[in-house]
Amino acid sequence: MMACDPRGIIGKSGKLPWVYPEELRYFRQTTYAHVVIMGHKTFKSVSDSFLKDRFNIVFSTTCRRYVDSGVVFVSSLDEFLNISDLPDNKKYFMIGGAMIADLFLKQNLIQDFLLTEIKKNYEGDTVFPLHKLREWPYTTLQEVPDFKIKHYLNPHSLRKEI
Ligand SMILES: NC(=O)c1ccc[n+]([C@@H]2O[C@H](COP(=O)([O-])OP(=O)(O)OC[C@H]3O[C@@H](n4cnc5c(N)ncnc54)[C@H](OP(=O)(O)O)[C@@H]3O)[C@@H](O)[C@H]2O)c1
């Protein structure tokens, strides 16, 4: 689940390039109390209140510790795939950034993708690999003047629809 501009820009100087409170609210509501999977840089960019209300899995080769519970660090994909004590009855959202999205898409670990397409172009330094979704069918869930939310389905998913 991510948001990008028409060229795939997702970040600038470690943050989001834009402020769209309505989109942020949608992101928070959708992931609330579920499991979110992210890269270390994204972890550093989100607020403590965001982390507190979710079960967080953070990819990092340099960081292993976090004072609060509810955050698990993994140093490789293998370690992630072998986590044994994950919460039951939760949805799992890969929330970026670009490095982790790329990793998960390459390994075909994503069954479906909620992508917010921001309509305006932004300057940025981090880009989502939009071309990887090119063959995925999608439905538009919501459209407002500033953005459109699309639900993409992975045609090559190894898992069944949940
Ligand atoms: N628009 C959106 O939807 C959205 C979503 C998320 C983030 N963002 C933005 O995107 C930017 C961050 O994205 P990013 O691509 O630069 O970074 P990122 O994916 O959030 O994090 C990259 C870090 O993850 C760790 N990592 C990556 N691959 C790994 C692997 N295979 N095994 C273990 N650890 C691994 C490394 O941390 P270590 O260096 O600690 O090893 C790496 O430096 C920020 O500007 C953020 O605000 C935007």
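Okay, residues lined up against (1) within 11 Å of the ligand (Cβ to nearest atom); (2) in contact with a strand residue (DSSP E or B) (Cβ under 6 Å, 6 or more places away or on another chain); (3) of a type in the set (Val, Ile, Thr):
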{"residue": "GLY8", "(1), (2), (3)": "yes, yes, no"}
{"residue": "PRO21", "(1), (2), (3)": "no, no, no"}
{"residue": "LEU24", "(1), (2), (3)": "yes, no, no"}
{"residue": "ARG54", "(1), (2), (3)": "no, yes, no"}
*Please tell me if ASP85 is open to solvent by less than 100 Å² (accessible area, probe 1.4 Å), more than 14 Å from the ligand (Cβ to nearest atom), modelled with pLDDT under 95 and over 17 Å from the mean Cα position of the chain (by Cα).*
no
*For VAL72, are the conditions met, namely being among the β-branched types (Val, Ile, Thr), in contact (Cβ under 8 Å) with a residue 12 or more places away in the chain, closer than 26 Å to VAL19 by Cα and more than 12 Å from the ligand (Cβ to nearest atom)?*
no
*Filter region 141-162 down to residues that are among the basic types (Lys, Arg), touching a residue at least 24 places away in the same chain (Cβ under 8 Å) and surrounded by fewer than 16 Cβ atoms within 10 Å (Cβ to Cβ) and give me whichever is farthest from ILE37 (Cα to Cα).*
LYS148
*asked:* Against the conditions (1) more than 20 Å from PRO6 (Cα to Cα); (2) more than 8 Å from the ligand (Cβ to nearest atom); (3) touching a helix residue (DSSP H, G or I) at 6+ places or on another chain (Cβ under 9 Å), where does ASP146 fall short? Just the number, please.
replied: (1)
_Condition first: over 14 Å from the mean Cα position of the chain (by Cα), surrounded by 11 or more Cβ atoms within 10 Å (Cβ to Cβ) and part of a loop (DSSP other than H, G, I, E, B). Can you find one or more residues in region 34-55 that meet it?_
yes
*Hey, can you tell me all the residues within region 124-140 that are touching a residue at least 12 places away in the same chain (Cβ under 8 Å), assigned to a loop (DSSP other than H, G, I, E, B) and open to solvent by 80 Å² or more (accessible area, probe 1.4 Å)?*
ASP125, GLU135
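The values are calculated or read from the model by the stated rules, or taken from the named source; none is laboratory data. Treat the numbers as computed from the prediction; the structure is a model and nothing was measured. Note that we place each Cβ from the backbone using ideal geometry, even for glycine, and neighbour counts take in every protein chain shown. All accessible areas refer to the heavy atoms of the entire protein, side chains included, with ligands and DNA or RNA removed. Shrake-Rupley method; radii C 1.70, N 1.55, O 1.52, S 1.80 Å.
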